[in-house]
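Note sheet for the following structure.
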Amino acid sequence: MGTLESIALAENGWTILDGSITADYQRSTAALAMPERFPGRGLRIVLTPLHGVGGGTALAVLKAAGFTDVTLVAEQADPDPEFPTVSFPNPEEPGALDLALEAAARLDADLVIANDPDADRAAVAAKDPDTGVWRMLRGDEVGSLLGAHMVARLAAADTVTEADGRGVFANSIVSSRLLARIAAAAGLAHEETLTGFKWISRVPGLVYGYEEALGYCVAPDLVKDKDGISAAVLIAELAATAKAAGKTVFDTLDELYLQHGLHASDQLSIRVADLGLLDAMMNRLRVSPPESFGQSAVEVFTDLAEGSAHLPPTEGLLYITRNLTRVIIRPSGTEPKLKCYLEVIHHVGSAAELPAARQAARASLDEVLHDVSEALGL
């Protein structure tokens, strides 16, 4: 392979975009902030683009939105195709946020925001007040927080929120069911789609959509796709609003759990060298369908390959048990993996019950993970 300079470029057939496009995007994205309704701006943020292209734009947008105390992770601030400080430039990968978390601890920051290299996804980390340890929030946790914040923003903007098709929330079928409950409580319609924003973005009347893989569409009129920078503005806004009220993002999550039930999720990914093994594992499940997960009998089984009135056909199997545990098993669309998505719901009567509910949910997930592994013959 030669150097970049050795590649011959076509003399025509391409266009260098005008710089006004970037300026328009930055201005429009910063304008998403609602300081008159959510005035808190006393937030210290650590931001990393993970050697990607979005660092300068994200920094400019956040500052224009009023979040001036933002520190870029210096080692990861500039684009670098070698991605020298991470084993793989995906904020979901273990270790990808280590430098950002170190900077956050050193600066006593409130929030870490990480964009992936093309800045269409956003990861969030904060210090858990129960443990004092910084941790990255799961995509479903951020998706639910943004959903609740979008409800507050819609109310503040006096936007119609009846379930009439003009205000619709959506998320992928493998994402948490908590967003549907948040939407219902606000009088908003909700749709489930297949995985990917090519489906989420097509939902008529969409005002907010997300998928658990750190993709969030918070302004469909501006960017009809997942976008990590516009999401970063609203993430900062909701975190600053919580801080101004003497709370953390974890406190806000707990409030959602008290209202709608503690939704806890996990994943199991099985990488294979032989793609034929994916078909073999799916066939095994169809021939010998599991009768229960986590000691709860399967009451609903859906072969997603058959399609439905709401979803086009896709390879995957969905199980819901008597206690509302949900298991979805499907081959990855991009990697040689079988992916298993698990969610349990525990109802909580009071804040005092939350610690025990979290432990019980984790135990339930571990039990379901074991049962899924057995069903797959692992």
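Output the strands (runs of 3 or more DSSP E) that fall wholly within the stretch 277-337 and possess 1 or more residues being small (G, A, S), or say none. Full working, then the answer.
Working: elements: 296-303, 317-321, 326-331.
Where strands (runs of 3 or more DSSP E) fall fully within the stretch 277-337 and carry at least 1 residues being small (G, A, S), they are 296-303.
For the stretch 281-314, a residue qualifies if it is surrounded by fewer than 17 Cβ atoms within 10 Å (Cβ to Cβ) and more than 22 Å from T195 (Cα to Cα), and the qualifying residues are R284, V287, S288, P289, E291, S292, Q295, A297, V298, E299. For the stretch 154-197, a residue qualifies if it is at pLDDT 95 or above and charged (D, E, K, R), and the qualifying residues are R177, R181, E191, E192.
If you take the residues of the stretch 12-54 that are small (G, A, S) and closer than 30 Å to G246 by Cβ, which of them is surrounded by the most Cβ atoms within 10 Å (Cβ to Cβ)?
Step by step, filter the stretch 12-54, then rank; the result is A33.
Test S176 against the criterion of being farther than 27 Å from A60 by Cα, within 12 Å of the chain's Cα centre (by Cα), of a type in the set (S, T, N, Q) and not assigned by TED's automatic domain parsing to the domain that holds A64, and give yes or no. So S176 fits the description; yes.
Mind telling me which of the residues A105, A100, A125 ends up being assigned to a helix (DSSP H, G or I) and surrounded by fewer than 22 Cβ atoms within 10 Å (Cβ to Cβ)? Answer to the check: A105. Kindly indicate whether any position in the stretch 98-108 is out of contact with any Ser or Thr (no Cβ under 8 Å at 6 or more places or on another chain), modelled with pLDDT of 95 or more, charged (D, E, K, R) and within 17 Å of A239 (Cα to Cα). Yes, the stretch 98-108 has at least one match.
If you go through the stretch 32-63 and pick out every residue that is in contact (Cβ under 8 Å) with a residue 24 or more places away in the chain and either at positive phi or small (G, A, S) (or both), you end up with 10.
Count of the stretch 242-253 residues, restricted to those that are assigned to a helix (DSSP H, G or I), surrounded by fewer than 21 Cβ atoms within 10 Å (Cβ to Cβ) and over 16 Å from the mean Cα position of the chain (by Cα), is 4.
Go through (1) touching a residue at least 24 places away in the same chain (Cβ under 8 Å); (2) more than 20 Å from N171 (Cβ to Cβ) and name the single condition A305 misses. A305 satisfies all of (1) touching a residue at least 24 places away in the same chain (Cβ under 8 Å); (2) more than 20 Å from N171 (Cβ to Cβ) except (1). Against the test of being crowded, with 17+ Cβ neighbours inside 10 Å, within 16 Å of L47 (Cβ to Cβ) and in the same structural domain as G55 (by TED's automatic domain parsing), the options P117, P79 yield a single qualifying residue, P117.
The values are calculated or read from the model by the stated rules, or taken from the named source; none is laboratory data. Since we're looking at a predicted model, the values are computed, not measured. Backbone-built Cβ (ideal geometry, glycine too); neighbour counts: all protein chains shown.
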